[in-house]
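Peer 1: Shown below is the structure under consideration.
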Amino acid sequence: MHEYSLAIDLMESVLTAAKDNDAKIVNQISVKVGRIAHVNPVQLEFSLKSVSEGTIAENASYSFEYVDPEIKCLCGYFGKPNISETEDDSDMLEYLVSLVCPLCGKNVEVIGGTELVVDSIDID
């Protein structure tokens with residue numbers, strides 16, 4: 001379960017930011033998760049709660065925002081691929097591997113949708 005090691009890194013970032021801002025408690029943590037980041041938010045939240053035990057973030061709540069993939073092409077195209085909202089994320093990666101530019105038909109570079117970042121924290 002690689003979510004545990006990701007949670008350790010994310011929590012270190014949260015606690016460092018909280019310390020830098022003289023926080024007494026972390027109330028809420030918002031995380032951006034790319035739809036093709038291969039991260040299960042349920043497992044990530046469980047891991048974050050586990051690694052936060054005994055810290056000022058122990059009772060924090062979590063919110064997760066999904067980030068859609070973005071693509072770019074050498075021809076100048078930049079944007080989101082045409083992906084149905086009902087497709088599950090495991091099918092999306094297979095789709096993106098074979099994705100071509102809607103303008104010129106050449107292969108594209110995936111430049112977004114793989115992120116995993118702490119977007120914001122609410123502290124007191």
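Peer 1: Please give me, ordered by residue number, the chymotrypsin sites (Phe, Trp or Tyr not before Pro) of region 9-89 that lie in loop per DSSP and have at most 15 other Cβ atoms within 10 Å.
Peer 2: Filter output for region 9-89: TYR77.
Peer 1: Considering amide H positions built from the backbone, and no H for Pro or chain starts, which residues 5 or more places from GLU115, or on another chain, come under 5 Å of its amide H?
Peer 2: The answer is GLY34.
Peer 1: So if we plug the beta-carbon distance of THR16 and LEU74 into 1/(1 + (r/R0)^6) with R0 = 25 Å, what FRET efficiency do we get, rounded to 0.05?
Peer 2: That gives a FRET efficiency of 0.05.
Peer 1: To the nearest 500 deg cm²/dmol, what mean residue ellipticity at 222 nm is calculated for the chain from DSSP H runs of n ≥ 4 alone, each contributing -39,500 (n - 2.57), summed and divided by the residues?
Peer 2: Calculated at 222 nm, the ellipticity per residue is -9500 deg cm²/dmol.
Peer 1: Please list, ordered by chain and number, the residues whose modelled amide H lies under 5 Å from the amide H of VAL31; skip anything fewer than 5 residues away on the same chain.
Peer 2: SER63, PHE64, GLU65, ASP119
Peer 1: Quick one: which residues, 5+ away or cross-chain, put their amide H under 5 Å from the amide H of ALA57? H built at 1.01 Å from N.
Peer 2: VAL26
Peer 1: How far apart, in nm, are the 7 Å Cα→Cβ label points at PHE64 and ASN40?
Peer 2: The answer from the label model is 1.0 nm.
Peer 1: What lysines sit close enough to LYS24 to cross-link, taking a C-alpha to C-alpha distance under 18 Å and skipping anything fewer than 8 places away on the same chain?
Peer 2: Hits, sequence-local ones excluded: LYS49.
Peer 1: So how long is each side of the chain along the principal axes, counting just the alpha-carbon atoms, biggest first, in Å?
Peer 2: Its Cα atoms span 54, 27, 22 Å along the three principal axes.
Peer 1: Report the residue, chosen from PRO69, PRO102, PRO81, that carries the largest GNM mean-square fluctuation when the chain is represented by alpha-carbon nodes joined by springs under 10 Å.
Peer 2: It is PRO102.
Values in this text are rule-based calculations from the coordinates and carry no lab data. Note that the coordinates shown come from a computational prediction; the quantities given were computed from them, not determined experimentally. Note that we place each Cβ from the backbone using ideal geometry, even for glycine, and neighbour counts take in every protein chain shown.
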